Amino acid sequence: MIAKALVASIALAASVSAQTFTDCNPLEKDCPAAPALGTQSIDCDLTQGACAGFNVLEGTTLTYDSKGALFSIENDKQAPTIASSRYIFFGRLEVVAQAAPGRGLVTSIVLQSADLDEIDWEWLGYDEVNVQTNYFGKGDTTVYDRGAFHKVSAPLTTFHTYTIEWTASKLDWIIDGQVVRTLNYADAASGTRYPQTPMQVKLGTWVAGLPGNSQGTIDWAGGLTDFSQAPFNAWYKSIKVVDYAGGSAAPTESIREYQYGDRTGSWESIVIVKGEPIPLSHTGPFNSSFVAHPTPTGGDFTTSTVYGTTVYVTSCAPT
């Protein structure tokens with residue numbers, strides 16, 4: 001019992017040690033505005049092919065079949081990832097997914113902002129009965145009490161619907177229509193560590209169980225990955241994204257972008273710029289060189305500039 005509790009404690013501590021990076025932090029300097037999803041909700045059936053509004057990172061090869069978008073890893077150089085080209089300022093994200101099995105494998109759904117607010121779902125490839133949830137405010141990893149485990153039936157072999165409902169007052173994590181966790185604004189360090197700034201959506205899989213990674217990362221992921229058991233496959237069947245544009249429901253007016261009005265990073269400081277949104281089918285000027293790969297020290301991914309903003313593809317693994 002003590003050993004089991006210790007393992008759980010280590011895993012939770014690991015999952016809250018986020019490796020987060022930004023090439024322009026609006027808490028420190030003026031940064032480009034974030035293009036808004038606004039009234040352009042995303043509703044993609046990935047069994048029918050790629051999803052408009054998401055960019056496939058360079059080095060990522062996806063295939064589509066009757067189960068959806070296949071994120072497959074066959075070697076230690078792969079980390080298939082997609083990232084939304086638009087941001088939501090509060091909203092609802094619903095993903096139907098089946099996580100990748102295998103020790104050392106991590107499957108994730110992440111919302112993250114330029115000032116390093118973050119909301120996570122994460123599956124570890126050795127854990128057949130749990131999913132992890134987590135959140136971060138302003139990239140703060142000074143405490144280790146934000147992660148949680150939730151029972152789910154066969155997440156590595158069965159599809160489930162994972163939802164995030166996010167408003168200024170509270171954050172719900174939902175599995176198959178049932179709320180499994182609620183975070184109230186006031187409960188996140190009196191709101192100072194509550195995720196509250198415009199966010200991108202990222203979906204992906206990566207390998208934490210590599211010899212070059214820190215021992216904490218390897219232990220968190222269940223050990224070293226045995227590539228003789230590859231391929232390691234995760235499927236995303238569908239994605240739905242609704243932007244609440246600073247409110248608690250989808251906006252009725254067109255929203256073009258979100259700007260940080262000051263250095264506080266509070267939701268009240270975000271300037272909502274109304275106007276004709278950039279169509280989801282528009283792919284330029286995304287002057288980007290997308291690269292996604294684990295670094296030698298952990299599950300960190302490189303960042304890329306997208307429409308003057310940054311794609312952040314990160315893990316919640318320890319260093």
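Ile119 meets all of the listed conditions (1) touching an Asp or Glu at 6+ places or on another chain (Cβ under 7 Å); (2) crowded, with 22+ Cβ neighbours inside 10 Å but one, namely (1). Within segment 245-271, the set of residues being among the β-branched types (Val, Ile, Thr), surrounded by 15 or more Cβ atoms within 10 Å (Cβ to Cβ) and farther than 16 Å from Asp30 by Cα comprises just one member, Ile255. Please tell me if Asp76 is acidic (Asp, Glu), in contact (Cβ under 8 Å) with a residue 24 or more places away in the chain and not in a strand (DSSP E or B). Criteria met by Asp76. Residues of segment 183-224 that are touching a strand residue (DSSP E or B) at 6+ places or on another chain (Cβ under 8 Å) and among the aliphatic types (A, V, I, L, M): Leu183, Ala188, Met199, Val201, Leu203, Val207, Ala208, Ala221. Every listed requirement among (1) at pLDDT 95 or above; (2) surrounded by 23 or more Cβ atoms within 10 Å (Cβ to Cβ); (3) out of contact with any Asp or Glu (no Cβ under 8 Å at 6 or more places or on another chain) is met by Asn75 save one, (2). Of all residues in segment 91-103, those satisfying the criterion of being crowded, with 24+ Cβ neighbours inside 10 Å and in contact with an Asp or Glu (Cβ under 8 Å, 6 or more places away or on another chain) are Gly91, Gly102. When you check Thr225 against the structure, is it modelled with pLDDT of 95 or more, touching an Asp or Glu at 6+ places or on another chain (Cβ under 6 Å) and buried (at least 20 other Cβ atoms within 10 Å of the Cβ), yes or no? No. Of all residues in segment 44-69, those being part of a strand (DSSP E or B), of a type in the set (S, T, N, Q) and closer than 24 Å to Met199 by Cα number 1.
For residues that are under 17 Å from the mean Cα position of the chain (by Cα) and of a type in the set (Phe, Trp, Tyr), scanning just segment 152-171, find the one that is farthest from Ala234 (Cα to Cα). If we take residues in segment 152-171 being under 17 Å from the mean Cα position of the chain (by Cα) and of a type in the set (Phe, Trp, Tyr), then Trp166 is farthest from Ala234 (Cα to Cα).
Taking residues in segment 173-184 that are among the basic types (Lys, Arg), and partners anywhere that are in a strand (DSSP E or B) and modelled with pLDDT of 95 or more, the pairs with Cβ atoms closer than 6 Å and at least 6 places apart or on different chains are Arg181/Thr133; Arg181/Ala148; Arg181/Trp173.
The values are calculated or read from the model by the stated rules, or taken from the named source; none is laboratory data. As the structure is a computational prediction, the values presented were derived from the model and not from experiment. All Cβ positions, even for glycine, are placed from backbone atoms using ideal geometry, and neighbour counts span all protein chains on display.
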